[in-house]
């Protein structure tokens, strides 16, 4: 019998400096329709996760380094911070300023 490779590991990421930090999302949670969430522990290659206050996992946070550095410089905020996320599109997120407004096709 062969063991399956566990790509994301069972142990959460060890960097928990932002865990529990309150955030507000522009999109609603599919379960509770709320906008309030917290930063949770990461797993595998992800430094942190986004957890709705209802307990549903909403994805990984890609701005971890930016938020961590901001908290390091200015301390933890007393109110939730607003985190904007782009929905997955299948297209590259970075576009050249020259071609950004060019017609497709």
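Put a dot 7 Å past the Cα of residue 53, heading toward its Cβ, do the same for residue 19, and the two dots end up 2.1 nm apart. Cβ-Cβ distance of residue 35 and residue 66, R₀ of 22 Å, FRET efficiency by 1/(1 + (r/R0)^6): the value works out to about 0.60.
Judged by the mean number of other Cβ atoms found within 10 Å, the most tightly packed of the peptides 50-57, 71-78, 37-44 leads the ranking 37-44, 50-57, 71-78. The simple Förster model, with R0 at 30 Å and r as the Cβ-Cβ distance, assigns residue 79 and residue 27 a FRET efficiency of 0.95. When the convex hull of the Cα atoms of the range 17-76 is projected onto a plane and the area is averaged over all directions, what value comes out in nm²? Seen from a random direction, the Cα hull of the range 17-76 projects 4.0 nm² on average.
No lab work stands behind these numbers, since they all come straight from the coordinates. These numbers come from a predicted model, not from an experiment. Cβ sites come from the backbone with ideal geometry, for glycine too, and all protein chains shown count toward neighbours.
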